[in-house]
1. Does the stretch 140-245 come out rounded, prolate or oblate by the C-alpha gyration tensor, with a ≥ b ≥ c the root eigenvalues, rounded set by a/c under 1.5 and, if not, prolate when a/b is larger than b/c and oblate if not?
2. When ligands, DNA and RNA are left out and all protein chains stay put, how many square angstrom of accessible area per residue does the chain have with a 1.4 Å probe?
3. Of the GluC sites (Glu not before Pro) in the stretch 159-247, which ones lie in a loop per DSSP and count no more than 16 other C-beta atoms within 10 Å?
4. On the protein heavy atoms, probe 1.4 angstrom, tell me the percent of accessible surface of the chain carried by carbon and sulfur.
5. Top to bottom by accessible area (1.4 Å), largest first, where do Asp104, Asp186, Asp213 land?
6. Rounded to the nearest 500 deg cm²/dmol, what is the calculated helix-only ellipticity per residue at 222 nm for the chain, with -39500 (n - 2.57) per DSSP H run of length n ≥ 4?
7. Report, in whole Å, the centroid distance computed from the Cα atoms of the stretch 131-207 and the stretch 50-127.
8. I need the shape label for the stretch 58-113. Rule: rounded when a/c is under 1.5, else prolate if a/b > b/c, else oblate, with a, b, c from the alpha carbon gyration tensor.
Amino acid sequence: MRYEEFVIEGRNAVLEAFRSGKTIDRVFLLKGCQDSLVLSIARMARKQNTLIQYVPKIRLDQLSVAGKHQGVIAYAAAYEYASVEDMLALAKEKGEPPFLFLLDGIEDPHNLGAIIRTANLSGAHGVIIPKRRAAGLTAVVAKTSAGALNYTPVAKVTNLTAVMEELKREGMWFVCADMDGTLMYDLNLTGPLGIIIGNEGEGVSRLVRERCDMTAAIPMKGDIDSLNASVAAGVLAYEAVRQRMGK
């Protein structure tokens, strides 16, 4: 399966994708184009809350696989998105306290796929990603997740901090990874928990960090000062697993 299979090019093809109810992560439209079909695509994208980017022709030419974009290129999701409510229902069904991953701007699809794999293996009930500045469920993500996308629900939300506030009202606590935090072994990572993993370069954003209840430092003994985002997710997740198993 190639990522290109989920790139849809051309006005009619993209319009039909929207009409069929296909999940479109984002659509690139030719800047300044007033063609009626392009305007219809923009309306449908707004209605479905799809991210729209207006770009010059040279950018569309670079993104094009088939060379026939007609001023429109859409990226379709390889898998359907779930809702946050689905994840809470899954936790309830299993009789477990909710255990979620929230990803603050993970843009590398390989990292996203690896984190979804870790989420599945650590018993998490779902992964929440934002609509902007984040990788979507592309074929690359599906492949890197090694099948975990078939079992672990992923929700895409407009506002990560708003979702955190809603989940706090449901009794959830949030922990983010930061080298200036408390040693992760000294934190209580049991109960209803959301693990926040930040952007590969910038880490967790200020607004998200301010809403975290705990900040966990992962002990590092080497000569460099940071872990890959997916590795950090795995290390922190498995400390939570250890504690949740009562060992």
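1. Since a/c stays below 1.5, the shape of the stretch 140-245 is classed as rounded.
2. Working: 12480 Å² over 247 residues.
I get 51 Å² per residue for the chain.
3. Glu170, Glu200, Glu202
4. Values: 6240 of 12480 Å².
Solvent-exposed carbon and sulfur of the chain make up 50 percent of the total.
5. From most exposed to least exposed: Asp186, Asp213, Asp104.
6. On the way: 9 runs with 89 residues, N = 247.
My calculation for the chain gives -10500 deg cm²/dmol from helical runs alone.
7. 12
8. Prolate.
The values are calculated or read from the model by the stated rules, or taken from the named source; none is laboratory data. Computed from a predicted structure; not experimentally measured. Positions of Cβ are generated from backbone atoms using ideal geometry, with glycine treated the same way; all protein chains shown enter the neighbour counts. Just so you know, the surface numbers come from the protein's heavy atoms only, side chains and all, with ligands and any DNA or RNA stripped out. Shrake-Rupley method; radii C 1.70, N 1.55, O 1.52, S 1.80 Å.
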